[in-house]
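Quick notes on the structure that follows.
The values are calculated or read from the model by the stated rules, or taken from the named source; none is laboratory data. This is a predicted model, so every value here is computed, not measured. Methodologically, a virtual Cβ is constructed for each residue, glycine included, from the backbone with ideal geometry; neighbour enumeration extends over all protein chains shown. Note: areas computed on protein heavy atoms with side chains; ligands, DNA, RNA excluded. Shrake-Rupley method; radii C 1.70, N 1.55, O 1.52, S 1.80 Å.
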Amino acid sequence: MWKWLHPYANPEVSYHFTGKLIPWFSAISVILLVFGLGLALAFSPADYQQGESVRIFYLHVPAAMLSMGIYLGMAIAALTALVWQMKLAEASIAALAPIGATFTAIALLTGAAWGKPMWGTWWIWDARLTSELILLFLYLGVIALQNAFEDKSLAGKAASVLAIVGVVNLPIIHYSVEWWNTLHQGATVSKFEKPSMSTDMFIPFIVCFFGFSFLVARIFGERFRAEIIARNSMRPWVKTLVLEQEKTNGV
Amino acid sequence: MAFDSLREFFNMGGYAFYVWLSYGFSALVLIILAINSNGMEKQIFQQIKQRLKREEKLKQAALRRKEGK
């Protein structure tokens, strides 16, 4: 049943397969982001309470959702790396952590820039904001561990353990607005009922969300390929690739 | 269109600083991440190339030493 997956556990096959997908991810993300951010900035309506500041929402919420989604993906890769000793899973942890950290930083900064005019403060040590800040530190911890060891497989193991332990933070972030009293509002999109917003705001949001998701896929693809090469630099197929590339570039 | 003029668009109903700070910061960090990710593979290729050259030199030197004896 899982036989079709096996070839993709081969680093060389994965490297070339990812390379084929990257231009598609790029094109889709550019189209969706131009369309989505255009709608978000110029065509979506102003909020009846928050005015034009609501346009920060189209960055803040996709970035926050992706910061958690990427972490979940990284933790699943970490589990795969530890249990099945899959080297490609270690490469994907290393590729995902900087992307997740970037989106967490975006979620935090856009949140602060939205909080100042709406709540009257850039920052408050409440549950949602603090747990999202901890998520940033978890990402930075994974990146630091990844670079702390000369031996890549030891580094991958250490980073995997931290990534898995950190998963406990995800439900805390998600439910923080229900469990504790907080300035942060409850969920508008990621809940089981219908999203509580009008269609002309939901459409730009969802287009932006998928646009950013494809951007993540594209950046992940590039970093994943680089990590595969770095981890397989002694293999003959990498040597051939390097020599071929030298020939086409004409040194 | 939610705005009547370009000036109103840039003014963002008085929230210009916060809205453009958010969009500006997000664009900046994403561009840095994209450029960094784009250059990563080339950089690693370069390192491997240097290593291969070094190995080739060592091999040649070893061969010469053998012939010299």
Self-check item: Shape call, segment A:26-78: gyration tensor on alpha carbons, a/c limit 1.5
Solution: oblate
Quiz item: Just going by the charge dipole of chain A, with Lys and Arg at +1 and Asp and Glu at -1 on Cβ, which of A:S53, A:H174, A:A163 is farthest out on the positive end?
Solution: A:A163
Practice problem: Could you state how much accessible area A:I124 has, in square angstrom rounded to the nearest 10, with a 1.4 Å probe and all protein chains kept in place? | Solution: 60 Å²
Quiz prompt | Pairwise FRET efficiency - B:F17 versus A:A42, Cβ, R0 = 22 Å, nearest 0.05 | solution = 0.75
Quiz item: With each pseudo-label sitting 7 Å past Cα toward Cβ, what's the A:A144-A:A187 distance in nm, one decimal?
Solution: 3.1 nm
Exercise. Provide the per-residue ³J(HN,Hα) series for segment A:35-47, in order, calculated from phi with Karplus coefficients 6.51, -1.76, 1.60 and θ = phi - 60°, each as a whole number of Hz, with x at glycine and proline positions.
Key: 5, x, 6, x, 4, 5, 7, 10, 10, 6, x, 6, 6
Quiz item: Rounded to a whole number, what % of the accessible area of segment B:6-68 do carbon and sulfur atoms account for, probe 1.4 Å?
Solution: 61 percent
Quiz item: What net charge is computed for the residues neighbouring A:I22, neighbours being all others with C-beta under 15 Å from the C-beta of A:I22, Lys and Arg scored +1, Asp and Glu -1?
Solution: +2
Quiz item: Using Cα atoms only, what is the angle between the long axis of helix B:16-68 and the major principal axis of chain B, expressed in degrees (0 to 90) to the nearest 10?
Solution: 0 degrees
Self-check item: In the B-A interface, the accessible area buried, summed over both sides, Å² (probe 1.4 Å)
Solution: 3500 Å²
Quiz item: Translational D (Stokes-Einstein, µm²/s) of chain A at 20 °C and 1.002 mPa s when Rh comes from the Kirkwood sum over C-alpha pairs?
Solution: 108 µm²/s
Quiz item: Short version: which residues of segment A:195-227 lose at least 50 Å² of accessible area, all chains versus chain alone, 1.4 Å probe?
Solution: A:I219, A:E222, A:R223, A:A226
Quiz item: Normalized C-alpha radius of gyration of segment A:131-251, against 2.2 N^0.38 Å?
Solution: 1.54
Quiz item: So how long is each side of segment B:6-68 along the principal axes, counting just the alpha-carbon atoms, biggest first, in Å?
Solution: 83, 17, 11
Practice problem: Assign unit charges at the C-beta atoms only (+1 for Lys and Arg, -1 for Asp and Glu), then state the dipole size of chain A relative to its Cα centre in Debye, rounded to the nearest 20. | Solution: 580 debye
Quiz item: What percentage of the solvent-accessible surface of chain A, computed with a 1.4 Å probe over protein heavy atoms, is contributed by carbon and sulfur atoms?
Solution: 69 percent
Quiz item: Using a Cα distance threshold of under 23 Å, what count of lysine pairs results for chain A when pairs must be 8 or more residues apart or interchain?
Solution: 10
Quiz item: Can you tell me the accessible area per residue over segment B:6-68, all protein chains present, probe 1.4 angstrom, in square angstrom?
Solution: 72 Å²
Quiz prompt | Low-density loop positions, GluC sites (Glu not before Pro), segment A:151-251 - DSSP coil, at most 16 other Cβ in 10 Å | solution = A:E193
Self-check item: With at most 11 other Cβ atoms within 10 Å, longest stretch of chain A clear of loop chymotrypsin sites (Phe, Trp or Tyr not before Pro) (DSSP)
Solution: A:49-124
Quiz item: With each pseudo-label sitting 7 Å past Cα toward Cβ, what's the A:Q49-A:K152 distance in nm, one decimal?
Solution: 5.1 nm
Quiz item: With every protein chain present, what is the per residue accessible area of chain A (1.4 Å probe, Å²)?
Solution: 50 Å²
Exercise. At 7 Å along the Cα-to-beta-carbon direction for both A:T121 and A:L21, put a label point, then send me their distance in nm to one decimal.
Key: 4.2 nm
Exercise. For B:I31, put the label point 7 Å out on the Cα→Cβ axis and report which residues of segment A:85-101 keep their amide N under 11 Å from it.
Key: none
Quiz item: Taking accessible area as the heavy-atom solvent-accessible surface of the protein chains with a 1.4 Å probe, which residues of segment A:84-128 lose no less than 30 Å² upon going from the isolated chain to the full protein assembly?
Solution: A:T102, A:I106, A:L109, A:A113, A:P117, A:W122
